[in-house]
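Down below is the structure, laid out as structure tokens.
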């Protein structure tokens, strides 16, 4: 199915009316408009007529050259907190089971195993799935579409890391995770925060320049993402599908990731994110929902 057919209306509330924020055509990735929904205020990408099917963008070699994790220390620290939170909530002293959806080459699976999770993954790309198996210590990695993959068990924790923003129907994916979690299990969602200070600054520069300075918003929005969350919209998506949000945390934008900013620009981004830790929030959002 093409992106054009999948995203003709807001994926969060089905409203077809909205306001164009930016237009990328031609585009580095998916050509089309970034729309703010008139119904729920959510932000999503409405592809143009010449947009390719979504699977084509994930077959693009540029996509597989992107860095998956640049904050290993942050990820490990977050994993420990998640492990302790879930173990306490469930009253468990033995190991917890974890499913990483879209596990990529398995870096997060490896970190999860190292701190004691019984880790499994599901990954659409065959090359990434094979690399994840090699990188981990015997983790079960299914090469399949998460929405249709057969699972014969439920999990204590399901992780969606840098994933939900890529999905044309994120609500369906959240419902699927709810079905696959044990009672009291937790969903971990890690995604960009589009109400954070860096995004707001990029938009302000774009507006004040009349669109002449588009570099910052291009870096943020001209990408393979099709839904752009913030705390409010992500919380609503989880709560509408049965989850109770028990934790929200932030981490900074990393300008070194995929060389998105260098020199003075990188310094400016880091300064903004430092301010964002106090006001408006930083660029990376982690939300923990309990079933």
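Every read-out reported here was derived from the displayed coordinates using simple, explicitly stated rules and does not represent laboratory data. It should be emphasised that the depicted structure is a prediction, and the values quoted were computed from it without experimental measurement. Because the Cβ atoms are built from the backbone with ideal geometry, glycine has one as well, and the counts that use them run over all protein chains shown.
Listing for the model above:
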quantity	calculated
Gyration tensor (alpha-carbon) shape descriptor, the range 87-243, a/c threshold 1.5	prolate
Anisotropy class of the range 109-166 from Cα gyration tensor, a/c 1.5 cut	rounded
Tilt relative to the chain, helix 72-90 - C-alpha long axis, 0 to 90 degrees, to 10	50
Percentage, to the nearest whole number, of Cα pairs in the range 69-117 over 15 Å apart	43
Helix axis angle, 231-240 relative to the chain longest principal axis, alpha carbon, degrees	50
Per residue, the convex hull volume that the Cα atoms of the range 175-234 enclose (Å³)	100
Sorted by Cβ density within 10 Å, fewest first, the residues 147, 287	147, 287
Rg(Cα) / (2.2 N^0.38 Å) computed for the chain, rounded to two decimals	0.98
Residue order, fewest to most surrounding Cβ atoms within 10 angstrom, among 114, 179, 123	179, 114, 123
Rounded to 10°, Cα long-axis angle of helix 197-208 versus longest principal axis of the chain	20
Relative contact order, percent, the chain [alpha-carbon distance under 8 Å, six or more residues apart]	17
Using alpha carbons only: equivalent-ellipsoid semi-axes of the range 137-192, gyration tensor based, whole Å	18, 14, 13
The range 56-172: relative contact order as a whole-number percent, Cα under 8 Å and 6+ apart	24
